[in-house]
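First the structure, in the form of structure tokens, and then the observations on it.
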Amino acid sequence: MATTEPRIVVEPGVGTLEIFPFEPTEETLYRLFSDLFSNHWNEFIFGPYIQGAVFEIKAPNAPTRISLNNGYLTVDFGPWHFHLCIGEYKGSPQNPIDPELARQRRTARAEFYRRLNADGSPGSWGIRLFNGKGEQQITIFLPNPFYSNEMQRLEAPDWSRLALWDKLRSQYLGLEPDPKDRSATRFEHG
């Protein structure tokens, strides 16, 4: 469930965000990512979103394997995969890791967010993870009612595309659907 009340932040180059933090435990993150990539892999795009680079990756297929080993989540699509340190990483018996480096690698902050348009209405929705140094690990860009799965602009908003956002907010934050999510009249870039 949510660890603190939602808050509004303004991030240069990103825009105004309403942040919904949640506790980044290994168990919670493994359950969240397993659900997202097993059941919704074709509904969202993902990747790092940092100053100077945004990777908008669409999964080519359902993962062939989702696993957790020594604190690292692995999502494997066959020809390629990615790793996220979401739990306690100890290194190997022959090469144990320095505890401070392990702390820096592990997810320290997890949040659902909605980016707000100039009028305060939401224009995009997602999930972000940050490591112990405050560096972004990954962003999940959830379905947007203003764009199709093929990233084509829609003539009119398709509010059914917020179903995953509503499901995740309920499941991980204990929040009901919010009419504010359906108040925008257009998509604005941050």
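Side notes on the structure shown:
- Gaussian network model of the chain, springs between alpha carbon atoms under 10 Å - residue of N95, N144, N131 with greatest fluctuation: N95
- Approximating the spin labels as points 7 Å out from Cα along Cα→Cβ, the T28-to-S183 distance works out to 2.6 nm.
- Residue exposure sequence - K133, K90 - by fewest surrounding Cβ within 10 Å: K133, K90
- Charged neighbours of K133, selected by a Cβ distance under 13 Å, balance to +2 (K, R count +1; D, E count -1).
- Computed from Cα positions, the angle between helix 26-39 and the longest principal axis of the chain comes to roughly 60 degrees.
- Residues of type lysines that K90 reaches as a straight line, Cα spacing below 30 Å, ignoring anything fewer than 8 places off in the same chain: K133
- Counted charge near V9, where neighbours are those whose Cβ lies closer than 14 Å (Asp, Glu -1; Lys, Arg +1): +1
- For the pair S121 and A53, a Förster radius of 41 Å applied to the C-beta separation gives a FRET efficiency near 0.90, rounded to the nearest 0.05.
- Each of E43, E27 has some number of other Cβ atoms within 10 Å of its Cβ, and from fewest to most they run E27, E43.
- Taking the fewest neighbouring Cβ atoms within 10 Å as the starting point, the ordered list for W80, W41 is W80, W41.
- For K180, the lysines whose Cα comes closer than 23 Å to its Cα, not counting residues fewer than 8 places off in the same chain, are K167.
Where a number appears in this text, it was derived from the coordinates with a stated rule and is not lab data. Source: prediction; values computed, not measured. Positions of Cβ are backbone-derived with ideal geometry, glycine not excepted, and every protein chain shown enters the neighbour counts.
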